[in-house]
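Peer 1: Starting off with a structure, shown below.
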Amino acid sequence: MSSLVGFGQYKRNQGRWTRLITSWSVVLILFAGAWVASKQLTPNDWTESMQAALAFGLLVPIAWFGFRLTQYPRFADFLIAVEAEMAKVSWPGREELKRSTVVVIVTMVLLAAFLLVCDLFWQWVLTALGVR
């Protein structure tokens, strides 16, 4: 728990981009939740500026939490490992990406057509048996 309230950085130069992106994502998600909650949970006599002040007042603790979360040793080690594995990935070229996309779209259309035929068949069978 001390790593969530301390000031140090765990393995400072490792997994830098993954931790930065994760930290900002956590901050944005929590701030969006605070913004919605400030609009929904405040008393009716509060003005919009008071609601916004409440949400922005929570921004500093949210940012601190997002930063400290990525410094927590187990989570930081996970993010460092993720960045190391992502560096090993061989990304497809443009042509391979186009071919793969076409294969996926054609497969999905064929699967949808097959399921439509199955649905119509069973609808016909059940109607013929008087179930429907």
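Peer 1: Given the Cα-Cα distance of VAL102 and ALA52 and 0.36 nm per residue of separation, how much length would full extension add, in nm?
Peer 2: 13.4 nm
Peer 1: Which lysines have a Cα less than 30 Å from the Cα of LYS11, not counting those fewer than 8 places away in the same chain?
Peer 2: Correct list for LYS11: LYS88.
Peer 1: Please find, in a Gaussian network model of the chain (springs between Cα atoms separated by less than 10 Å), the residue of LYS88, LYS98, LYS11 whose mean-square fluctuation is greatest.
Peer 2: LYS98
Peer 1: Placing +1 at every Lys and Arg Cβ and -1 at every Asp and Glu Cβ, with all other atoms neutral, what dipole size does the chain have around its Cα centre, in debye to the nearest 20?
Peer 2: Here the chain has a charge dipole of around 400 debye.
Peer 1: Restricting attention to the alpha-carbon atoms of the chain, what are Rg (one decimal) and Dmax (integer), both in Å?
Peer 2: 25.4, 73
Peer 1: Among SER23, ALA113, GLY57, whose Cα sits farthest toward the positive end of the charge dipole of the range 1-119 (+1 at Cβ of Lys/Arg, -1 at Cβ of Asp/Glu, about the Cα centre)?
Peer 2: Looking along the dipole axis, the top candidate is SER23.
Peer 1: Work out from phi, with θ = phi - 60° and the Karplus expression 6.51 cos²θ - 1.76 cosθ + 1.60, the ³J(HN,Hα) of each residue of the range 11-26, listed in order in whole Hz, and give x for Gly and Pro.
Peer 2: Each residue of the range 11-26 in turn: 6, 3, 9, 9, x, 4, 5, 5, 5, 5, 5, 5, 4, 5, 5, 4 Hz.
Peer 1: Label PHE78 and ASN13 with points 7 Å out from Cα along Cα→Cβ: what is the distance between them in nm?
Peer 2: 2.7
Any read-out appearing in this document is the output of simple, stated calculations on the displayed coordinates, not a laboratory observation. Bear in mind that the values here come from a model prediction, so they are computed numbers and not experimental data. Methodologically, a virtual Cβ is constructed for each residue, glycine included, from the backbone with ideal geometry; neighbour enumeration extends over all protein chains shown.
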